[in-house]
Amino acid sequence: MVVKLKDESDRAVALIITAWVDDALTEMLKRTLVQDEKVIDDMFRHIGPLGTFSSRIGLAYLVARISRTVYENLETIRKIRNDFAHTRDDLQFSSQSISDRCKNLYLKGFKGADGATAEFNPRNAFVATGIGLLSFFIEFVNAATISEDRREDYFPKFMNWVEDQMLDTVAKFAEPNAAADSGRDIGS
C-alpha cells in the first residue's frame, strides 16, 4: 500500500510521519537491548516506562544511540505532532507556531532538479526531515549512529545523502507524476 501524503491533511501528515519515525526509533532501541521478549514488551507497552515517544527519544539519546542533533529534531517533530493531535482548531503547517518549529528541522529546503535549494515550506520540511529520520533509523538499526568517542555524528552525512536522493525517495510516497510536477513540492 502506498500512502499518498499529497492527498492528506496537514494533521494527518503530522501524525503519519511521526508514527513512522516513532516505529523506526522503537525498533532501533529494541534491537539495542537484551533480547528478552517479555521484558521488552512490558517496557514498551503503552503504560510502560518506554511507552511514549518522548521516553524513547530520551532513552535513545542517553544511551548514545542518537546524537544531540537527532534528539533535537525528534523533539521538534514530537512537539509538532502533539500540537496537531491535541487541538480541535484547524491547525496548518503554515500556522505561525508550527512554521516556526519547522524552521528548526534539519531539512528546511532541499535541492530541486536544477540544483537550487527550494524556498522554505514548513510541510515539506517536516515530511523531508521525517522521511530522512525514518531512513536513518532503518539504515542504522544495528549500527552506531555516532562514533564511540562521540566526536563524529553520522546523521549530517546521511541527511546530505537523503537530500540528494529525496526526489526519488519521495516519489514513492507521492502521486506517480508528483516528482515531475515541480521536483520539490513533496508534501502539499
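No lab work stands behind these numbers, since they all come straight from the coordinates. Bear in mind the structure is a predicted one, so any value in this text is a computation, not a measurement. Note that each Cβ is placed from the backbone with ideal geometry, even for glycine, and that neighbours are counted across all protein chains shown.
May I ask for the net charge around Phe120, where only other residues with Cβ less than 9 Å from the Cβ of Phe120 are counted and Lys, Arg are +1 while Asp, Glu are -1?
Numbers: positive: Lys103, Lys108; negative: Glu119.
Its environment carries a net charge of +1.
In sequence order, what are the phi-derived ³J(HN,Hα) couplings for the stretch 71-88 according to the Karplus relation 6.51 cos²θ - 1.76 cosθ + 1.60 with θ = phi - 60°, rounded to whole Hz, with x for glycine and proline?
3, 5, 5, 5, 5, 5, 4, 4, 5, 5, 4, 4, 4, 5, 6, 10, 10, 8
What are the aspartates and glutamates whose alpha-carbon lies under 12 Å from the alpha-carbon of Lys4, with same-chain residues fewer than 8 places away excluded?
The qualifying aspartates and glutamates are Glu175.
Quote the relative contact order of the stretch 5-181 in percent (integer), defining contacts as alpha-carbon pairs under 8 Å separated by 6+ residues.
Details: 171 pairs, mean separation 46.5, N = 177.
Once divided by the residue count of the stretch 5-181, the mean separation gives 26 percent.
Sorted by packing (mean other beta-carbon atoms within 10 Å per residue), highest first, where do 59-65, 84-90, 12-18 land?
Details: 59-65: 16.3, 84-90: 10.6, 12-18: 20.1.
Put in order of decreasing packing, that is 12-18, 59-65, 84-90.
Through the Karplus equation 6.51 cos²θ - 1.76 cosθ + 1.60, θ set to phi - 60°, convert the phi angles of the stretch 16-32 into ³J(HN,Hα) values in whole Hz; use x for Gly and Pro.
5, 4, 5, 4, 4, 5, 4, 4, 5, 4, 4, 5, 4, 5, 4, 6, 7
What is the log10 of I(q)/I(0) for the stretch 5-181, computed with the Debye formula using one identical point scatterer on each Cα and no solvent, at q = 0.08, 0.10 Å⁻¹?
Debye curve over Cα of the stretch 5-181, log10 I(q)/I(0) at q = 0.08, 0.10 Å⁻¹: -0.26, -0.40.
So what are the ³J(HN,Hα) numbers for the stretch 93-104, from phi and the Karplus equation (6.51, -1.76, 1.60; θ = phi - 60°), rounded to whole Hz, Gly and Pro as x?
Listing the rounded values in order: 4, 7, 4, 3, 5, 6, 4, 4, 5, 5, 5, 8 Hz.
Can you classify the stretch 52-106 as rounded, prolate or oblate using the Cα gyration tensor, where a ≥ b ≥ c are the square roots of its eigenvalues, rounded means a/c under 1.5, and otherwise it's prolate if a/b beats b/c and oblate if not? Show your work: numbers first, answer last.
On the way: a/c = 5.21, a/b = 1.82, b/c = 2.86.
Oblate is the answer for the stretch 52-106, as a/c is 1.5 or above yet b/c matches or exceeds a/b.
Between Leu134, Ala144, Asn124, whose Cα lies farthest towards the positive end of the dipole of the stretch 5-181 when Lys and Arg beta carbons carry +1 and Asp and Glu beta carbons carry -1, centred on the Cα centre?
Farthest along the dipole direction, towards plus: Ala144.
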